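Read-outs throughout are calculated quantities, based only on the coordinates presented, and are distinct from any laboratory measurement. Values in this document were obtained by computation on a predicted structure and should not be read as measured data. No Cβ is skipped: glycine too gets one built from the backbone with ideal geometry, and neighbour counts run over all protein chains shown.
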Amino acid sequence: MRAYQRGTADYQLNFLSYDDGGDFVPGPDYDRYLDLIAREVRISPGVLAVTKTYCDRRANLDVADIEKQVGFWQDQGRLGRSVAAADLVDLSFIGEEAVTPQSWRQ
């Protein structure tokens, strides 16, 4: 997980930095990473540059969205009703204890 967190921080530095005016500021490895990622996902660097997605720099998880996804799959009959979102995720490694829903704490 530490390596993943370093990767998300590096991604944020290179792809998601903006100045006070809202203009994109490419990070120090932007061009190299853009080419590497584009090659791996088999799209042009130009397309990737305009479609880059948000990634939390600390690799924090969207707990509310995880709960929605669990509910969706339960509603589709693809996940048992006995499964709770809290059973699938360990937030302790990313320091999210403070934002963990009360229903997850036991």
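Points to keep in mind about this one:
- Cα-based helix-to-principal-axis angle, 2-15 vs the chain, degrees rounded to 10: 40 degrees
- For the chain, with +1 on Lys and Arg beta carbons and -1 on Asp and Glu, the positive-most of ALA9, ALA59, LEU79 along the dipole: LEU79
- Convex hull volume of the stretch 35-96 per residue (C-alpha atoms, cubic angstrom): 138 Å³
- Inter-label distance, ILE66 to SER92: 1.4 nm, where each label sits 7 Å from its Cα along the C-beta direction.
- Nearest-ten-degree value, helix 30-41 long axis tilted from longest Cα axis of the chain: 60 degrees
- Degrees separating the helix 63-75 axis from the principal Cα axis of the chain, which is the longest one: 60 degrees
- Rg and Dmax over the alpha-carbon atoms of the chain stand at 17.6, 49 Å.
- With the convex hull constructed from alpha-carbon coordinates only, the stretch 3-54 shows a mean projected area of 3.8 nm² over all directions.
- Sparse-neighbour loop sites [chymotrypsin sites (Phe, Trp or Tyr not before Pro); the stretch 1-63; at most 15 other C-beta within 10 Å; DSSP]: TYR54
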